[in-house]
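The values are calculated or read from the model by the stated rules, or taken from the named source; none is laboratory data. Remember, predicted model here, so these are calculated numbers, not experimental data. For neighbour counting, all protein chains shown are included, and Cβ atoms are generated from backbone atoms with ideal geometry for every residue, glycine included. Each accessible area value is taken on the protein alone, full model and side chains, heavy atoms only, with ligands, DNA and RNA left out. Shrake-Rupley method; radii C 1.70, N 1.55, O 1.52, S 1.80 Å.
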Amino acid sequence: MNIPTKYNASKVEDKWYQYWMDNNYFYSSPDERESYSIVIPPPNVTGVLHMGHMLNNTIQDVLIRRARMLGYNACWVPGTDHASIATEAKVVAKLKEEGINKLDLSREEFLKHAWDWTHKHGGIILEQLKKLGASCDWKRTKFTMDDDLSESVTKVFIDLYNKGLIYRGYRMVNWDPEAKTTVSDEEVIHVEKNGKLYYLRYQIEGENNFVTIATTRPETILGDTAVCINPNDERFKHLKGKKVIVPIANRIIPIIEDEYVDMEFGTGCLKITPAHDPNDKTIGEKHQLDVLDIFNDDATLNSHGLHYQGKDRFVVRKEIVKELDSSGFLVKVEDYQNKVGTSERTGAIIEPKVSIQWFLKMKDLAEPALKAVMEDEVQLVPEKFKNTYRHWMENVRDWNISRQLWWGHRIPAFYYSDSPNDFVVAETIEEAVILAKEKTGKNITANDLKQDEDALDTWFSSWLWPISVFDGIRNPENEEIKYYYPTRDLVTAPEIIFFWVARMIIAGYEYRGEKPFSNVYLTGIVRDKQGRKMSKSLGNSPDPIELMEKYGADGVRVGMLLTSPAGNDLPFDEELCEQGRNFSNKIWNAFRLVKGWEVSADIKQPDSAKQAIKWFDAKLEKALRDLEKSYKGYRISEALMTTYKFIWDDFSSWYLEMVKPAYQSPIDVLTYKQTISNFEQILKILHPFMPFISEEIWQLIKDRKVDEALIITQWPKVKSKDENLIKQFEFTSNVISGIRTIRKDKNIPNKDSVELFILNNEKTNQDFDVIIKKLGNVSTLEYVNEKQEGALSFRVKSNEYFIPMGDSINIEDEIVKLETELKYAKGFLNSVHKKLSNERFVNNAPEQVIANERKKEADAIAKIVMLEESLKSLKK
């Protein structure tokens, strides 16, 4: 067999992914096996792969590949999200470049452009996931605006409306002036901003006296409809029942009283602008104040802005401060730091705005979903997110589900008059006509109806994802939903625990009466070495495709998972991918070594090989048990590290050294066959992490049939393990290391054999002596009852090991060298003792630091004993 010297990742990856696809290994349909299903968090349809996707989908692929090998009917459903705000923004920008204004188009014309854009750019990310090795059932690929999923969204809206849970009302909403739509509370990111606090004075009507208010937004005084004081504030008793004049606007507004006002904040007088602050709106409703909205949808000022009409809010802020100053209304300005809401999608500063919107009542819907997580019916990994989840669910607010967009699922409400309250909700206009006739008693036709212009929040479709991808809304009793639902695991980011995870759990209990998944693995955020979140704007995010071309998909998968414990951020470094590639090369070279051995049926199996095989079996069983615990606890990074160390250390560094034949000599057939078998076991546990190289070597070992591919091979079964063998070898490895250290220090070539005499105070098992003889190149291994003179020595626990000095070593020089080492060791021990005798250090230093010093002390003492005994032996 001609095995290439170097592993060609690109060639191998393309070959085996196509093979897996051609043979339908990813395909799943209901059968007699237990199902294991995962739904992909659908990325934006026009998005491209970034490092967060790489981490998330690598973890999903690890889980699904292992489930497939465990014998489950594994089904990983891929798909994309229509991403209303992001996609519409991209289409609007593209049209703008072509000199087309969205407002000049009809809805149908705009949607044609949006669909053209989606068809052109959509699905790229799914193709990129194939390069990563994602073993999704691509035949099941869904899009949130597929006809069946869209129909499911409409049915759910109508159902919730008929249950009295969806309503239409005027509310203070979060308005994104860049996207020109509302966004939900969860889509508002609050950031610290350095701003100003402006102190302004309002003249009391009929007097030459003033009241002073403090505001961070002086432009909004044009929408003021009252000034409010606390009725308990003695300072302002003289203001009760009076009125003030709004500066610049010259409108007269009342002074009202409300205990909401914090007497300690600012001046104690609060300007009330019901149209532009949620708290002011509450006070305004209580006191029946007028509502003056001074902003257009793009946050420029409207006619209520007077001579500032048409100007942007931040331009007006600068200009109005100058006017207030020159008019004598500006008292002072202070620096002020406060939290400002920004749009998660566009970054624009959110404008509170009173608007008529559609809302979903959440309080009652949320209760089963809260209970499910608190009682671990749905487990969050890591568990620390339970408190965050509970806080949000206990304080859940009604969900604003309408968006002022055209791209998305259009709200199925039809108006039969100009009144915002005259509407019916129906799946089709034909049904709407029937309902409108029933409601009004009039002969209404389709031409009399006008459908609501708004689209539903994107999350209103994706909250149904685990149900709708199996058609569980339209056909709740179909075979697939009953077989695959609830799904097993969800892998997603903690920042969408409310947007998506909580809402899917809510929808699961509302529409299936059970949880949508059993476990939620919350990944961390991928950050650069400086701790910054990776982003295009910072230019600190590598191109995942380029990384895979450079290091191979397997190398990048390993690199992503080496330092990514659940819920903790991943400090990504490209060197991790290089480490992953080096691991690939290590495995490849180990395979080439084994396949390069000449095999003989005439040679008896050496005792050293028999012992090595027994030990490796025990190590394999331990690794399998450790992996089981790690996978069960969703400690995927830990599972990878167990696999990595088992292959690199136990198999490559120890086992292969124990069994490999002497130079230019053949290996016995029994040992060879068992080594190949051991290699196959390794490939099985490696496969979820490194699917490509594992399948390549698996197929190179021998010719395999289609039903013998590694991807569907059974995961190794856990048997009983011999802990004593493992402990004995740990001791043996220290002995071998001791021999190698002496060889290195004394420049004794490995080809030259040495004698070893053992003072067996530990009463160790001697089964591994054959290994010590082979790996230490020991010609004579003998147990003695007393220390050996004229020999170099080392200790392993209480056992002493002696290697007689050959003629090649100058005893006088050796004594000088050992005395120098001894002097240094004593000096080092003295410095450690000084630290440990310092009460202040011992009382204040962290526990781990003290433990490290204690270990240094013990190691130094052991070394001194060894050096003193070696000197004593040489001086006799």
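Structure notes:
- For the stretch 245-269, a tally of residues being open to solvent by 30 Å² or more (accessible area, probe 1.4 Å), hydrophobic (A, V, I, L, M, F, W, C) and over 23 Å from residue 306 (Cβ atoms) returns 2.
- Within the stretch 101-120, the residues that satisfy the criterion of being touching a helix residue (DSSP H, G or I) at 6+ places or on another chain (Cβ under 8 Å) and surrounded by 12 or more Cβ atoms within 10 Å (Cβ to Cβ) are 102, 105, 110, 113, 114, 117, 118.
- Hey, residue 721 under 28 Å from residue 636 (Cβ atoms), of a type in the set (D, E, K, R) and not in a helix (DSSP H, G or I) or not: yes
- Looking across the stretch 704-729, the residues that are among the charged types (D, E, K, R) and either within 23 Å of residue 549 (Cα to Cα) or at pLDDT below 95 (or both) come down to 717, 719, 721, 722, 723, 727.
- Considering the stretch 270-290, and only residues there that are part of a loop (DSSP other than H, G, I, E, B) and open to solvent by less than 40 Å² (accessible area, probe 1.4 Å), the residue that is farthest from residue 217 (Cα to Cα) turns out to be 289.
- With respect to (1) open to solvent by 10 Å² or more (accessible area, probe 1.4 Å); (2) under 29 Å from residue 176 (Cβ atoms), the lone exception for residue 6 is condition (2).
- Qualifying residue in the stretch 146-157 (condition: outside any helix (DSSP H, G or I) and among the polar types (S, T, N, Q)): no
- Matching residues in the stretch 753-764 - criterion: being open to solvent by 60 Å² or more (accessible area, probe 1.4 Å) and within 12 Å of residue 776 (Cβ to Cβ): 753, 755
- Selection within the stretch 64-79 - under 16 Å from residue 484 (Cα atoms) and of a type outside the set (D, E, K, R): 64, 67, 71, 72, 73, 74, 75, 76, 77, 78
- Close pairs (6 angstrom Cβ cut-off, 6 or more residues apart or separate chains): more than 14 Å from residue 20 (Cβ to Cβ) in the stretch 693-704, of a type in the set (Phe, Trp, Tyr) and in a helix (DSSP H, G or I) anywhere: 697/591
- Contact map, the stretch 211-223: residues that are more than 16 Å from residue 349 (Cα to Cα) paired with residues that are buried (at least 20 other Cβ atoms within 10 Å of the Cβ) and among the polar types (S, T, N, Q), Cβ distance under 7 Å, separation 6+ or inter-chain. Pairs shown: 223/273.
- Only one of the numbered conditions (1) outside any helix (DSSP H, G or I); (2) of a type in the set (Val, Ile, Thr); (3) within 30 Å of residue 849 (Cα to Cα) is violated by residue 820, and that is (1).
- Scan the stretch 30-72 for residues that are surrounded by fewer than 17 Cβ atoms within 10 Å (Cβ to Cβ) and either of a type in the set (Phe, Trp, Tyr) or without any contact (Cβ under 8 Å) to a residue 24 or more places away in the chain (or both) and the total you get is 1.
- Restricted to the stretch 368-402, and to residues there that are out of contact with any helix residue (DSSP H, G or I) (no Cβ under 6 Å at 6 or more places or on another chain) and assigned to a strand (DSSP E or B), the residue that is surrounded by the fewest Cβ atoms within 10 Å (Cβ to Cβ) is 379.
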